[in-house]
2 protein chains.
Amino acid sequence: MKNTRANAVYRRVVASAPGKITLFGEHAVVYGKPAIVTAISRRIRVSVERRMEGIIISSGDLTVRGVEVVMGRGSVEARVHAEHAARLLSYVSTALRMVEEKLGTRADGLRVSISSDMPVSAGLGTSASVSVATIAAYMKLLGYEPMREEVARLGYMVEKTVQGAASPMDTAAASHGGMLLVEPWANPPYKPLRTASPGLPVIIGYIARSATTGELVANVRRLRDRYESIVDMVMETIAEITREAVKALLQGDLESLGLLMNMNHELLSVLGVSTPRLDELVNLARSSGALGAKLTGAGGGGAFIALCRSRDDAMQVARSIKAGGASVIEASLGAKGVVVEEAK
Amino acid sequence: MKNTRANAVYRRVVASAPGKITLFGEHAVVYGKPAIVTAISRRIRVSVERRMEGIIISSGDLTVRGVEVVMGRGSVEARVHAEHAARLLSYVSTALRMVEEKLGTRADGLRVSISSDMPVSAGLGTSASVSVATIAAYMKLLGYEPMREEVARLGYMVEKTVQGAASPMDTAAASHGGMLLVEPWANPPYKPLRTASPGLPVIIGYIARSATTGELVANVRRLRDRYESIVDMVMETIAEITREAVKALLQGDLESLGLLMNMNHELLSVLGVSTPRLDELVNLARSSGALGAKLTGAGGGGAFIALCRSRDDAMQVARSIKAGGASVIEASLGAKGVVVEEAK
C-alpha cells in the first residue's frame, strides 16, 4: 500500500480509469446502507506531459469539444465552452495539487489532455475516473508507482474538495475496477465482490438530467425530514435488496438479479428520484427482453441499466431504448481499474 | 344490531349500495396491515320483486347488456352473455340463499334486476355492492329491517362463499358508506374515519385488466415466498404510509395525501402489481395537475385514482387521462352506504 519511489521519472504518462455504475443501493448508501458498484468497460484517458512552465489542461474529445484551460502559477485563466467539461477540469487541477502535496514535489509545467469514450454527467462517475487517472498519471510522471489504494484515497479527497461532499465508492471503483460491495460503516468502506457473473450482459441508457445529484440528495433529505420512518423503511428495504443481490451475483443468478433491480428501481421511485421519462424507458427495456432494469446513480434523468439474459437480448433492448429516444452505451461490467497505459 | 321484524312485507323493494375504492393499503391489508377504503358516489341498484315461482335474475344495463339467468328450484339455467356479469349473478343467487338461511323464510318466486352506473371488474368492489344491495332489498321484502352491521356481515359471507376467500372491507364500505379505516386485527376489523376532507376531488380512471385479483394476490405471495424480508418491509412501509394518510385525512391536508398516494403507488410497483400502462397513466395524471395518483385495488390494470386540489384541476386531469386512453369515472368520495330506496 505504500508508494514506492520508482527509479525513473518520465516525460509523458498516459493513465486510464473506468467509469462506474451503481448496480444497487444508490441514495441508500448516503444513509449508511450497503451498495454495489461496478466498473464498466468505458474509460477516461488522461495524458500528462512535462512542459517548461504553466499548466494547460485540454479536453479534445469530451462530448463537448474545444475545451481548454490555461492555468498560470496559482491562477486560472479558463476558456471554457461547456459547464460539464469545466467541472471535469476542476477535478484535474485539484488532483494535480493533491499529488504535489502528497509527494512534496512537482513538475515545472504540465500539459494535461483528457479523452473519454463515455458521456460526462450521465451518472457514470466520470469525475472520479478523471481524478483517478490524473492522479495515477501524475504520480508515475513524478517517479512514484501509483498504488490503487492510495490513488483511490487521493481521488476521494479530490472529489470531496471539489464537491464539498462525496462518496468514496466512485473513486474506489475507478481505482480498483471489478465489482465492489460498499459498506459505509466498514474500514475500508468497500471490498471486492468476486462474482460468478463477470461480463454481465448489460445495456446502459441515458437521457438528459433535470436535476443535479446534490439537488436529488437534498430532495430525499427533505422527504425524510417530513416522513422519517417511511424513508428509513425504504432505505432498509433497499439495503435488504442489495444483500439479496450479493447472493444472486455470487451465484450468477441473473434472473433474480433482474427482479431485484426492478424492485430497487421502484423503491427509488418511492423516494421521488425517478422521472416519468426514466420510468418509461425502464419499462421499455423490461418489455423488450431485459431481465430487469433500473435507474443508476442519482436519478432525475441520467443513466439507467438493463440486465439481459444474453448478448443478443441486450442488442434487442439497445435497439428498443434507442428507438425510445435514449442514448445507449454498450459496455461490459467488472472492467479493470486504473492502469498506466504508457510511460516514456 | 338485531333484526327487527317489520310489520309489513313488500311486493317490490329497491336497494342501492355504493362502489368503493381503496385509498391506501391494498395488498398490505392481506398481510394484516391497515388500509383506508372509501365509498364512492357510483352505485349499484338491485330491485327484488315477488313472482309466483322460480327466480329470474336479470341485468339490463350492466356494461354488457342482455344478461339473464333463469333459475328453477335448485337448478340454474343460465343464458349468460358475459363472464363478468355472470360472476355478479352468482353473488346475487348466493346473497338470496344467505338471507333465506338467516331469516328462515323465503319468497315463493323472485325477479331480481340489477342496474349499475359503474363498470364491473374495474376494482370498484361491484361484487360487494351487488351482494349488499341484494341482501338489503331481500331482507326488506321479507319484512325485516336491514341493519348495516348485519348486511355487511352477510355480504362478507357471500363474498367468501363465491370467491373462496375475501376481505371484509368491500362489503363494509358498501354497507356503511363514508370512509373506513380497516384494521384486520381489530373486532370489528373496520371503523369509520371522520375526515376533514369529505367530497375530495378525485378522478377515477380505469383500463382493462390483464390479471385477476386472485392471480395478483398469488403473485405477491410467491414474491414473498422468495424474498420474505423484502416483501414484509414493503408491507410495513405501506402500513406506515396508511398511518400517515389517516393523519393527513383528519387534517384535510390534500398535498400530503397526494404525496403519500404517490409513494403507495411506487411500493405497489415494488410488489409487481402495477403495469407499464398503469404507470404511464398515473404519471399522466400527476403531470396534468393531480396532487398524487395511484392504482387502486389489486392492480394488473384496472382502476387508478388521482387526487386534485380543486374540481377544476380534476376536470383537467380527467381530460388528460381520457386523451391517454383510459375510461374516466367522476365520483365524489365518502358516499352514503346501503339504502332502501323504494319499498311497496
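The values are calculated or read from the model by the stated rules, or taken from the named source; none is laboratory data. Everything quoted here is computed from the prediction, not taken from an experiment. Please note: Cβ atoms are built from the backbone with ideal geometry, for glycine as well, and neighbour counts cover all protein chains shown.
Report whether or not residue B:289 is surrounded by fewer than 23 Cβ atoms within 10 Å (Cβ to Cβ), at the interface with chain A (Cβ under 8 Å from one of its Cβ atoms) and in a loop (DSSP other than H, G, I, E, B). For residue B:289, the condition - surrounded by fewer than 23 Cβ atoms within 10 Å (Cβ to Cβ), at the interface with chain A (Cβ under 8 Å from one of its Cβ atoms) and in a loop (DSSP other than H, G, I, E, B) - is not met. Of all the listed residues (B:240, B:244, B:266, B:228), the sole one being outside the structural domain of residue B:23 (by TED's automatic domain parsing), closer than 27 Å to residue A:239 by Cα and in contact with a Phe, Trp or Tyr (Cβ under 7 Å, 6 or more places away or on another chain) is B:244. The single condition from (1) hydroxyl-bearing (Ser, Thr, Tyr); (2) at pLDDT 95 or above; (3) closer than 23 Å to residue A:295 by Cα that residue A:138 fails is (3). Residue by residue through region A:242-273, note down the ones that are facing chain B (nearest Cβ under 8 Å) and not in a helix (DSSP H, G or I). Across region A:242-273, the qualifying residue is only A:272. As an exercise: evaluate residue B:314 against (1) more than 9 Å from every other protein chain (Cβ to nearest Cβ); (2) part of a helix (DSSP H, G or I); (3) modelled with pLDDT of 95 or more and give the number of the one condition it does not meet. Residue B:314 satisfies every listed condition except (3).
Residue by residue, here is whether (1) of a type outside the set (Asp, Glu); (2) within 15 Å of residue A:90 (Cβ to Cβ) holds:
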residue: A:125; (1), (2): yes, no
residue: A:128; (1), (2): yes, yes
residue: A:131; (1), (2): yes, yes
residue: A:134; (1), (2): yes, yes
residue: A:139; (1), (2): yes, no
residue: A:149; (1), (2): no, no
residue: A:152; (1), (2): yes, no
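Can you report the number of residues in region B:236-277 which are in contact with a strand residue (DSSP E or B) (Cβ under 8 Å, 6 or more places away or on another chain) and of a type in the set (Gly, Ala, Ser)?
Result for region B:236-277: 3.
Residue by residue, here is whether (1) outside the structural domain of residue A:235 (by TED's automatic domain parsing); (2) of a type outside the set (Phe, Trp, Tyr); (3) crowded, with 22+ Cβ neighbours inside 10 Å; (4) over 20 Å from the mean Cα position of the chain (by Cα) holds:
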| residue | (1), (2), (3), (4) |
| --- | --- |
| A:270 | no, yes, yes, yes |
| A:279 | no, yes, yes, yes |
| A:297 | no, yes, yes, no |
| A:315 | no, yes, no, yes |
| A:325 | no, yes, no, yes |
| A:338 | yes, yes, yes, no |
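Can residue B:319 be described as outside any loop (DSSP other than H, G, I, E, B), surrounded by fewer than 20 Cβ atoms within 10 Å (Cβ to Cβ) and within 13 Å of another protein chain (Cβ to nearest Cβ)? Taking the combined requirement at face value, the residue does not satisfy it.
Within this structure, residue A:254 passes the test of being farther than 30 Å from residue A:14 by Cβ and either surrounded by 21 or more Cβ atoms within 10 Å (Cβ to Cβ) or not β-branched (Val, Ile, Thr) (or both).
Test residue A:273 against the stated conditions and say whether it is in contact with a His (Cβ under 7 Å, 6 or more places away or on another chain) and closer than 18 Å to residue A:328 by Cβ. No. Elements of the type strands (runs of 3 or more DSSP E) sitting completely within region B:1-110 and holding at least 2 residues that are surrounded by 15 or more Cβ atoms within 10 Å (Cβ to Cβ) and either modelled with pLDDT under 90 or in contact with a Leu (Cβ under 6 Å, 6 or more places away or on another chain) (or both): these cover B:12-24, B:35-51, B:54-59, B:67-71. Just so you know, in region A:139-178 the residues that are in a helix (DSSP H, G or I) and of a type in the set (Ser, Thr, Tyr) include one that is nearest to the chain's Cα centre (by Cα), and it is A:171. Among the candidates B:210, B:229, the residue that is within 14 Å of another protein chain (Cβ to nearest Cβ) and under 29 Å from residue B:315 (Cα atoms) is uniquely B:210. Just one of (1) surrounded by fewer than 24 Cβ atoms within 10 Å (Cβ to Cβ); (2) closer than 30 Å to residue A:8 by Cα fails for residue A:129. It is (1).
For region A:227-241, give me each residue that is in contact with a Lys or Arg (Cβ under 7 Å, 6 or more places away or on another chain) and small (Gly, Ala, Ser). Hit for region A:227-241 is A:239, nothing else. With the structure loaded, tell me whether residue B:209 is over 21 Å from residue B:148 (Cα atoms), in contact with a strand residue (DSSP E or B) (Cβ under 8 Å, 6 or more places away or on another chain), touching a residue at least 12 places away in the same chain (Cβ under 8 Å) and outside the structural domain of residue B:156 (by TED's automatic domain parsing) or whether it fails that test. Yes; evaluated as a whole, the condition is true for this residue.
To keep it simple, each residue is scored yes or no on (1) within 16 Å of the chain's Cα centre (by Cα); (2) charged (D, E, K, R); (3) surrounded by 14 or more Cβ atoms within 10 Å (Cβ to Cβ); (4) not in a helix (DSSP H, G or I).
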{"site": "B:180", "(1), (2), (3), (4)": "yes, no, yes, yes"}
{"site": "B:186", "(1), (2), (3), (4)": "no, no, no, yes"}
{"site": "B:195", "(1), (2), (3), (4)": "no, no, yes, yes"}
{"site": "B:199", "(1), (2), (3), (4)": "no, no, no, yes"}
{"site": "B:206", "(1), (2), (3), (4)": "yes, no, yes, yes"}
{"site": "B:211", "(1), (2), (3), (4)": "no, no, yes, yes"}
{"site": "B:218", "(1), (2), (3), (4)": "no, no, no, no"}
{"site": "B:224", "(1), (2), (3), (4)": "no, yes, yes, no"}
